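Engineer: Mind having a look at this structure? Questions to follow.
The values are calculated or read from the model by the stated rules, or taken from the named source; none is laboratory data. Model, not experiment: these values are computed from the prediction. Reconstructed Cβ throughout: ideal geometry from the backbone, glycine too, with neighbour counts over all protein chains shown. With ligands, DNA and RNA removed, areas are computed over all heavy atoms of the protein, side chains included. Shrake-Rupley method; radii C 1.70, N 1.55, O 1.52, S 1.80 Å.
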Amino acid sequence: MHPLAEKVLARDMRATARACRLVDDRAGDHAAILKDLFPHTGRAWVLGVTGNPGAGKSTLTDRLIGVFRKQGRRVAVVAVDPTSPFTGGAILGDRIRMQAHFGDPDVFIRSLATRGALGGLSRSAADIARVLDAWGADVVLVETVGVGQDELEITRMAHTTLVVAAPGMGDEVQAIKAGILECADVFAVNKADRDGADAAVRDLELMIALGGEVAQASGRARGHSAAALHARAAGPAGAGGPSGGPPEGPWVPAIARTVATRNEGVAALVDRLEGHRAWLFGTEAGAARREERLREAMHVQLRDALTDAAVAALGPALEAAVRAVARREVDPYTASERLVEAFRTGAAAPGGAVTPDDVA
């Protein structure tokens, strides 16, 4: 086993920080570390926190850490901040609102920059979460950047997705448009002490009800993005199954009101999150959701691996294709087809190198 992986399993904080750095930079033998750690993962509950900018995600995440720590759970946080498309720099500021937990040895906070990745996460976020899972976290909170209407990558990574909304997010038409709202397992209407909180809750309830009716009428499951990561059915949110157990059948999103700055409503929010966790790990529908989530994650892993391999193998041929398209000597579609074919044939050659002549 890799020496750094051994130290991570021994809950060495510094070693875990170094492992996270290597994985984020994709430097050195980071792949070997991830392979050694993977058999020791799968125990943490990955909880995604997403929502529009300014909704209070970081403050609410800080409050969630406090609740989970009072329960005796080890908590890890992966906080993703945006990277400037012009300078490449990033201010990793999410952790500023979590300073109360810096001295806690059972809390690990890791900030990441998106580095140009879309969807609200960085490319390495899922791998960092696995490192922290192996470190011994019971809960891994993944806070996305402030996202818009269709950044839904968190749904492919997290077991439970919490969407943080706030009064003033828009009228009922905006709620019906859904977008990011469709990815929620639980909603938190934060800043609920402000005017418009009742309207925000009402709009969300309307969206959930309409979504259930559409799913029943069409006979098709509605779920997270086009991949339909899980199905939901119309019905009372949080309704229990037989003997008070998790609800049978598809999950219905629950709504909680919170005022994170005053720590109000956070305990009730955690109860709703725990309800989804019980459904996810205690019902057949939840098991199907987890399997679909893993399938989607594997697709992403394969896509990234193929992209890295193709770029490395094509090398100068890719640059030659770019110049040829710029000179209008070939259209980008034909050039792409030729690059794919060159990669497929050239990858089997010694060294896997592809020359510019292969795409001419």
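Engineer: Out of the residues in region 193-212 that are assigned to a helix (DSSP H, G or I) and in contact (Cβ under 8 Å) with a residue 40 or more places away in the chain, which is surrounded by the fewest Cβ atoms within 10 Å (Cβ to Cβ)?
Structural biologist: This residue is Glu205.
Engineer: Please enumerate the residues belonging to region 137-176 that are in a loop (DSSP other than H, G, I, E, B), modelled with pLDDT of 90 or more and open to solvent by less than 10 Å² (accessible area, probe 1.4 Å).
Structural biologist: Passing the criteria: Ala137, Ala158.
Engineer: Now for a separate question. Do the conditions hold for Leu181, that is, is it modelled with pLDDT under 90, open to solvent by less than 40 Å² (accessible area, probe 1.4 Å) and in a loop (DSSP other than H, G, I, E, B)?
Structural biologist: No, not satisfied.
Engineer: Right, Thr345: part of a helix (DSSP H, G or I), open to solvent by 80 Å² or more (accessible area, probe 1.4 Å), at pLDDT below 90 and not hydrophobic (A, V, I, L, M, F, W, C) or not?
Structural biologist: yes
Engineer: For Ser243, all conditions in the list (1) part of a helix (DSSP H, G or I); (2) at pLDDT 50 or above; (3) on the phi > 0 side of the Ramachandran plot hold save one; what is the number of the exception?
Structural biologist: It fails just one condition, (2).
Engineer: Surrounded by fewer than 16 Cβ atoms within 10 Å (Cβ to Cβ) and touching a residue at least 60 places away in the same chain (Cβ under 8 Å), is that true of Ala256?
Structural biologist: So Ala256 fails the test.
Engineer: Which of the following residues is at pLDDT 95 or above and aliphatic (A, V, I, L, M): Leu34, Leu22, Leu9, Leu4?
Structural biologist: Unique residue meeting the criteria: Leu9.
Engineer: What number of residues within region 252-284 are over 22 Å from Val189 (Cβ atoms) and assigned to a helix (DSSP H, G or I)?
Structural biologist: 5
Engineer: Checking the conditions here, which among Ala312, Ala287 is part of a helix (DSSP H, G or I), open to solvent by less than 70 Å² (accessible area, probe 1.4 Å) and closer than 29 Å to Ala126 by Cα?
Structural biologist: Step by step, each of Ala312, Ala287 is checked, and only Ala287 is part of a helix (DSSP H, G or I), open to solvent by less than 70 Å² (accessible area, probe 1.4 Å) and closer than 29 Å to Ala126 by Cα.
Engineer: Look through Gly103, Gly93, Gly72, Gly88 and report the one residue that is at pLDDT below 90 and at positive phi.
Structural biologist: Selected residue: Gly88, the only one of Gly103, Gly93, Gly72, Gly88 that is at pLDDT below 90 and at positive phi.
Engineer: Related question: Any idea how many residues of region 1-29 are small (Gly, Ala, Ser), open to solvent by 30 Å² or more (accessible area, probe 1.4 Å) and within 20 Å of Val139 (Cβ to Cβ)?
Structural biologist: 1
Engineer: Output the number of residues of region 30-55 satisfying the condition of being open to solvent by less than 20 Å² (accessible area, probe 1.4 Å), more than 16 Å from the chain's Cα centre (by Cα) and within 25 Å of Glu274 (Cα to Cα).
Structural biologist: Residues flagged as open to solvent by less than 20 Å² (accessible area, probe 1.4 Å), more than 16 Å from the chain's Cα centre (by Cα) and within 25 Å of Glu274 (Cα to Cα) within region 30-55 amount to 1.
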